[in-house]
1. Would you tally the residues in region 73-101 being within 13 Å of the chain's Cα centre (by Cα) and aliphatic (A, V, I, L, M)?
2. Pick out, from region 65-167, the strands (runs of 3 or more DSSP E) lying fully within it that include 3 or more residues that are crowded, with 19+ Cβ neighbours inside 10 Å and touching a residue at least 24 places away in the same chain (Cβ under 8 Å).
3. For V60, indicate whether it is of a type in the set (A, V, I, L, M) and buried (at least 20 other Cβ atoms within 10 Å of the Cβ).
Amino acid sequence: MALIEESSITAEVNAWLDGVVIGENLCPFAAAPRKLGRIAIHISDADDDEAVLADFQTVVTALSAQSASVVETSLLVTPKVYANFYDYNDSLWLMERVLKQQGLEGILQLASFHPQYQFADAAENDAANFSNRAPYPIFHLLREDSVERVLATYPDPENIPERNIAKLRGMSREKLRGLFPPVSYTHLTLP
């Protein structure tokens, strides 16, 4: 992993985490690790599937070797590849395969974020898609035991996706534009 405009990319990802993910409470699990400095952000310089896969394996190995008290969750940001959401979506099976091959199924789980994220049953301009939109393609690794711990204490956790969708659909275009500024988040298509 090389350092391509790392500081500006990291700043955009941090702004997204603080303003959207945590600020809008789209993920009730993110605030505590963020406050404790336990979210690792890795910027990949990869420009093809093979290089992304190698970076992903490096991040998986690093996360699984560290205690959750040091790093709770990791984000692999891939600004040079997967500009097309469907290409990104097709790559997810490769990442899942890495977790399986390393015996980490049930230990780590993968969440996906992309500037053009679109749920299969949603229109392209549906505000619901913004729950999984980010400034860059991101592979998010979470520790399953950490997620389970939070889910055990969070009220009505199975309805988090529905609450997020309702919240985003209820936002004005101006509010969405404020959360996902076109200048900063260059790949976003606003409804």
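1. The total comes to 4.
2. Details: elements: 73-77, 108-113, 138-143.
Result: 73-77, 138-143.
3. Numbers: of a type in the set (A, V, I, L, M): yes; buried (at least 20 other Cβ atoms within 10 Å of the Cβ): yes.
So V60 passes the test.
Every read-out reported here was derived from the displayed coordinates using simple, explicitly stated rules and does not represent laboratory data. No experiment lies behind these values; they were computed from the predicted model shown. Here Cβ is always computed from backbone atoms with ideal geometry, including for glycine, and neighbour counts include all displayed protein chains.
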